[in-house]
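A.B. asks: Pasting a structure below so you can have a look.
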Amino acid sequence: MARRTCRVCGCTQHNACMVSKTETNWIGPCSWVAEDLCSNPDCLKAAEAVFPRGQLNASDEGVTQIAVTTEDRTVIIRFNQPMIWLGLDADGAEGLAGLLLKHAKAIRDGHRN
């Protein structure tokens, strides 16, 4: 049998990574969900990541969804996952800037969007 290796974390069937619910509450070693993917939640999340322009760097987690709304006269930017940073190409940056300006203007003009 060929040696199995997780394409994300590099663990093997002889050297499994440990899966945890929290940093101090360990469940145990991972198992296999595909020929080259272990059951570690971090690996599963990384395997689903989409990089339309290639992965920018090691901390790039792929495409995320953004929603811009207003609430109580405040512009709110919502993300579908926790984020440390956000990278945008020129079109994306202009699009986000346009949405922010649109919602800011609506607040100043007294409208609710």
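The values are calculated or read from the model by the stated rules, or taken from the named source; none is laboratory data. Bear in mind the structure is a predicted one, so any value in this text is a computation, not a measurement. When we count neighbours, we look across all protein chains shown, and the Cβ atoms used for this are built from the backbone with ideal geometry, even at glycine.
A.B. asks: Can you say whether E94 is among the acidic types (D, E) and outside the structural domain of R7 (by TED's automatic domain parsing), as far as the supplied structure shows? Spell out the reasoning first.
C.D. replies: Values: among the acidic types (D, E): yes; outside the structural domain of R7 (by TED's automatic domain parsing): yes.
So E94 passes the test.
A.B. asks: Okay, moving on. Residues of region 81-104 being more than 16 Å from Q55 (Cα to Cα) and assigned to a loop (DSSP other than H, G, I, E, B), which ones?
C.D. replies: Listed by number, the residues that qualify are Q81, P82.
A.B. asks: Right, here's the next one. Of the numbered conditions (1) modelled with pLDDT under 80; (2) not in a helix (DSSP H, G or I), T69 fails exactly one; give the number of that condition.
C.D. replies: Among (1) modelled with pLDDT under 80; (2) not in a helix (DSSP H, G or I), T69 violates only (1).
A.B. asks: Considering region 47-83 alone, what residues qualify as being among the hydrophobic types (A, V, I, L, M, F, W, C) and closer than 24 Å to A34 by Cα?
C.D. replies: We begin by selecting, within region 47-83, every residue among the hydrophobic types (A, V, I, L, M, F, W, C); these are 47, 49-51, 56, 58, 63, 66-68, 75-77, 79, 83.
Selection gives A47, A49, V50, F51, A58, V63.
A.B. asks: Okay, next question. Residues in region 78-88: is at least one surrounded by 14 or more Cβ atoms within 10 Å (Cβ to Cβ), assigned by TED's automatic domain parsing to the domain that holds G110 and under 30 Å from D109 (Cα atoms)?
C.D. replies: First pass over region 78-88, keeping only residues surrounded by 14 or more Cβ atoms within 10 Å (Cβ to Cβ): none.
Within region 78-88 (the criterion being surrounded by 14 or more Cβ atoms within 10 Å (Cβ to Cβ), assigned by TED's automatic domain parsing to the domain that holds G110 and under 30 Å from D109 (Cα atoms)), the answer is no, since none of the residues qualifies.
A.B. asks: Restricting to region 1-49, count the residues that are assigned to a loop (DSSP other than H, G, I, E, B) and modelled with pLDDT of 75 or more. So that I can check it myself, show each step before the final result.
C.D. replies: If we filter region 1-49 for residues that are assigned to a loop (DSSP other than H, G, I, E, B), which is where we start, we get 1-4, 6-11, 13-14, 16-17, 21-25, 30-31, 35-36, 39-40, 49.
If we keep only those that are modelled with pLDDT of 75 or more too, we end up with 3-4, 6-11, 13-14, 16-17, 30-31, 35-36, 39-40, 49.
So the answer is 19.
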